Amino acid sequence: MSATVYVSRGRRRRRHAMVASALLVAGITSWQAADALAPGPSSTGLGGGGWAGVAWPAQGAAAVAVGGGRVHTAGSMQPVPIASLAKVMTALVVLRSRALTAGDPGFTITITDDDVADTARRRADGQSVVAVFAGEKLTERQALEALLLPSANNMAMALARAMSGSTQAFVDEMNSEARHLGMSSTRYTDPSGYDPATVSTARDQVVLARAAMRASAFAGIVAERSVTLPEAGVVHNTDRLLGQDGFVGIKTGSDQAAGGCFMFAARSATSRQLIYGVVLGQREGPLISAALLAAHQLADTVRSAIS
């Protein structure tokens, strides 16, 4: 039985010793809710009542930052399941090893019989998957589109095996990248986030959002409303806020363990700064809809304050 093969491997761009310095320069800190809601000016330029006017979700946890400013948080910062937000790290690890450009779709993976069997198991379990067939060839870009837009768990597994030879080896790379970024409260156990033991905090996920959006290929993919894949055909982005009120991405996630989750980037109305935010554990109604609504309200109040 043939194996999925990754053509080449990259090396890490920075050493761990540089991380603390980079985060210090960026001014990244995590505030508890009481501090985040305190009135007064902030380093990110919110006027009026400052962070006291921000519409934090009434449940779960949230974090937000304007540009490279401080990460402000509300709710518990204990690690919790994050569902498909884990796929953002999966994509970043892939792109760290093999960057994409406008004219270069990256390496090619070939779908194996094992990939097809894995897809069938996950579909039967009610997981999000895209249709594949043995022998199907997908470029790196197409695989990442399948991963990030319709949130295909089977593509997370196929990419992990393609990149690292085994799922566990790839998960080790995910955790290494998390440490590299200073995500001290994050632990990945699988590349899709379906495992509830994959946990993080809203604060850590905002740090990841900023890192991922610095990769132009990632930012371009999450800004796509739909794409056409060889076997699956047209697939659509689960981010229904995309293109509305300045939202430019990034990723939804939902399951019973995690509730509704959404990592987002949105542009301010006048300054064009990016607002990065994450909401976790939203459960009022359909999970993804609950997360999108909470994120929309959060982003709107931050956007109004900085405009």
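The values are calculated or read from the model by the stated rules, or taken from the named source; none is laboratory data. Since this is a predicted model, take the numbers as computed values, not measurements. Cβ sites come from the backbone with ideal geometry, for glycine too, and all protein chains shown count toward neighbours.
Summary of computed values
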read-out	value
Hits in segment 103-129 (condition: surrounded by fewer than 17 Cβ atoms within 10 Å (Cβ to Cβ), closer than 18 Å to Val227 by Cα and touching a residue at least 24 places away in the same chain (Cβ under 8 Å))	Pro105, Thr108
Residue within segment 195-218 that is over 30 Å from Ser76 (Cβ atoms), of a type outside the set (A, V, I, L, M, F, W, C) and in contact with a strand residue (DSSP E or B) (Cβ under 9 Å, 6 or more places away or on another chain) present	yes
Candidate set from segment 130-151 (those that are without any contact (Cβ under 8 Å) to a residue 60 or more places away in the chain and buried (at least 24 other Cβ atoms within 10 Å of the Cβ)); member that is nearest to Val235 (Cα to Cα)	Ala143
From the options Ser84, Ser128, residue that is at pLDDT 95 or above, within 22 Å of the chain's Cα centre (by Cα), assigned to a loop (DSSP other than H, G, I, E, B) and small (Gly, Ala, Ser)	Ser128
Some residue of segment 184-201 being crowded, with 24+ Cβ neighbours inside 10 Å, touching a residue at least 24 places away in the same chain (Cβ under 8 Å), more than 17 Å from Thr90 (Cβ to Cβ) and under 13 Å from the mean Cα position of the chain (by Cα)	yes
Any strands (runs of 3 or more DSSP E) falling wholly within segment 224-285 and containing at least 1 residues that are crowded, with 23+ Cβ neighbours inside 10 Å	247-255, 259-267, 274-282
Pick from segment 295-307, criterion more than 21 Å from Ala211 (Cβ to Cβ), out of contact with any Asp or Glu (no Cβ under 8 Å at 6 or more places or on another chain) and not in a loop (DSSP other than H, G, I, E, B), ranking: modelled with the highest pLDDT	Gln297
